[in-house]
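Peer 1: Following this message is one structure expressed as structure tokens.
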Amino acid sequence: MIVAVDGPAAAGKGTLARRLAAALGLPYLDTGLLYRAVGRRVLDAGHDPRDARCALAAARALRPEDLARGDLRGPVADMAATNVAAIAAVRAELLEFQRRFGREHGAVLDGRDIGTVVFPEATAKLFVTASAEERARRRQAELQGRGMPADFVQVLSEIRDRDAQDENRPVAPLRPADDALLLDTTLLDADAAFAAAMALIATRRPSHAV
Ligand code: C5P
């Protein structure tokens, strides 16, 4: 069973996908971490994350321990991830890892293109959204919780920039798959979003497995 959880930045995909994986007994992969780790490697090397040659080299050099780094979150890492993610060769390099991960035991994967590109045949596809203002509020609280300074207007503007770049890139743009189930979490807390997602997934599973 593959559950695809796609949607824009800070829509609550990670929290939701992790809970779904635990409830469904499936491994979980945060695919955004792959792009974050590639972006961080490019920054470490002193290069621009928009440089396709450097970003591809970083993607090829990616190691499992890169995903456990403590500096993959925050505005600089966010934008570096978004920039390397717009490069077709980087996406192609990371595709097989994601597919292998899912094929081994099934999985819940969250990202931008899981339902459209990585697993178009997924059992259930959720497209999780929330208003940009609500997403900025959540991201601001998350940053502040980690002791990082966060100005609401700036966080909102960064979220809008990343959305625009993810939606408008030519390769694997952020958009719901035709058969995705839409979940707007603007007015939902984490428990309500989880309950709504489980109900949506139940409509896509064989009845004996529910
Ligand atoms: O999900 P997260 O915000 O951690 O992702 C960081 C960036 O990685 C996104 O802004 C997006 O550009 C990119 N990404 C992607 N495809 C995915 C997951 C993330 O393009 N499947």
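The values are calculated or read from the model by the stated rules, or taken from the named source; none is laboratory data. Nothing here was measured: the structure is a model prediction, and the numbers come from that model. Cβ placement follows ideal geometry from the backbone for every residue including glycine, while neighbour counts extend to all protein chains displayed. Ligands, DNA and RNA are excluded from the accessible area calculation, which covers all protein heavy atoms including side chains. Shrake-Rupley method; radii C 1.70, N 1.55, O 1.52, S 1.80 Å.
Peer 1: Suppose we filter the range 71-118 for residues that are in a strand (DSSP E or B) and near the ligand (Cβ under 9 Å from one of its atoms); how many remain?
Peer 2: Looking only at that region, the number is 3.
Residues checked against (1) among the charged types (D, E, K, R); (2) over 25 Å from R91 (Cα atoms); (3) assigned to a helix (DSSP H, G or I):
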site: D166; (1), (2), (3): yes, no, yes
site: L174; (1), (2), (3): no, no, no
site: D179; (1), (2), (3): yes, no, no
site: L183; (1), (2), (3): no, yes, no
site: T186; (1), (2), (3): no, yes, no
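Peer 1: So, one more: Considering only residues that are at pLDDT 95 or above and not in a helix (DSSP H, G or I), look in the range 12-26 and name the one that is farthest from the ligand (Cβ to nearest atom).
Peer 2: Among them, the one singled out is G25.
Peer 1: Under 7 Å between Cβ atoms, at least 6 apart or on separate chains: pull out the pairs that start in the range 61-79 with a residue that is polar (S, T, N, Q) and end on any residue that is open to solvent by less than 90 Å² (accessible area, probe 1.4 Å).
Peer 2: none
Peer 1: Restricting to the range 32-61, what's the tally of residues that are more than 16 Å from the ligand (Cβ to nearest atom), in a helix (DSSP H, G or I) and aliphatic (A, V, I, L, M)?
Peer 2: The total comes to 1.
Peer 1: Which residue pairs have Cβ atoms under 8 Å apart, sit 6 or more places apart or on different chains, and have a first residue in the range 165-183 that is on the phi > 0 side of the Ramachandran plot and a second that is within 9 Å of the ligand (Cβ to nearest atom) and of a type in the set (A, V, I, L, M)?
Peer 2: A172/V117
Peer 1: Let me ask you something else. Restricting to the range 1-52, what's the tally of residues that are within 25 Å of D161 (Cα to Cα), open to solvent by 40 Å² or more (accessible area, probe 1.4 Å) and of a type in the set (S, T, Y)?
Peer 2: 1
Peer 1: Here's a follow-up. Can you find a residue in the range 125-139 that is open to solvent by 30 Å² or more (accessible area, probe 1.4 Å), part of a loop (DSSP other than H, G, I, E, B) and polar (S, T, N, Q)?
Peer 2: yes
Peer 1: Check off (1) modelled with pLDDT of 95 or more; (2) within 11 Å of the ligand (Cβ to nearest atom); (3) on the phi > 0 side of the Ramachandran plot for L29 and give me the number that stays unchecked.
Peer 2: (3)
Peer 1: Let me ask something else about it. Confirm whether A150 is assigned to a loop (DSSP other than H, G, I, E, B) and closer than 27 Å to V3 by Cβ.
Peer 2: no
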